[in-house]
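The values are calculated or read from the model by the stated rules, or taken from the named source; none is laboratory data. From a predicted model like this one, the values you see are computed outputs, not experimental measurements. Backbone-built Cβ (ideal geometry, glycine too); neighbour counts: all protein chains shown. Surface accessibility is based on the protein's heavy atoms, side chains included, excluding ligands, DNA and RNA. Shrake-Rupley method; radii C 1.70, N 1.55, O 1.52, S 1.80 Å.
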Amino acid sequence: MNVVLYTIFTTHLGIVLTSIYLHRYLIHRQYTIRYPAVEHIFRFLFWLTEGILPRPFIAQHRIHHAFTDV
C-alpha cells in the first residue's frame with residue numbers, strides 16, 4: 001500500500017511541477033519567482049520526480065513552438 005501511495009504522490013507532484021515550474025515558468029516565462037530558494041526547491045523536486053534536466057526539455061519545446069502554429 002505504501003508503494004501505491006508513493007507512486008501516486010510522486011506522479012501527481014511530477015505533473016504539477018511540469019505544468020507550473022517547467023512549462024509555465026521556464027519555457028513560457030509567464031510569471032517570476034521572487035525568492036531564489038523557491039526556484040531551487042522546484043528544480044530539485046522536478047529532478048527528483050522526473051529525473052531529467054530542464055534545459056534540454058526547454059530547448060526541445062522552443063524548437064517545437066518555432067515550427068508549429070500555436
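Among complete DSSP H helices in the chain, those whose alpha-carbon atoms stretch at least 15 Å along the helix's long axis and whose mean Kyte-Doolittle hydropathy reaches 0.5 are 2-17, 36-50. Entry comment: accessible area of the chain is 81 Å² per residue, from protein heavy atoms only and a probe of 1.4 Å. Compared with the alpha-carbon gap, the fully stretched path from Arg62 to His12 is longer by 15.5 nm at 0.36 nm per residue. Sorted largest first, the principal axis extents computed over the alpha-carbon atoms of the chain equal 45, 29, 18 Å. Applying 1/(1 + (r/R0)^6) with R0 = 25 Å to the Cβ-Cβ distance of Phe44 and Val4 gives a FRET efficiency near 0.55.
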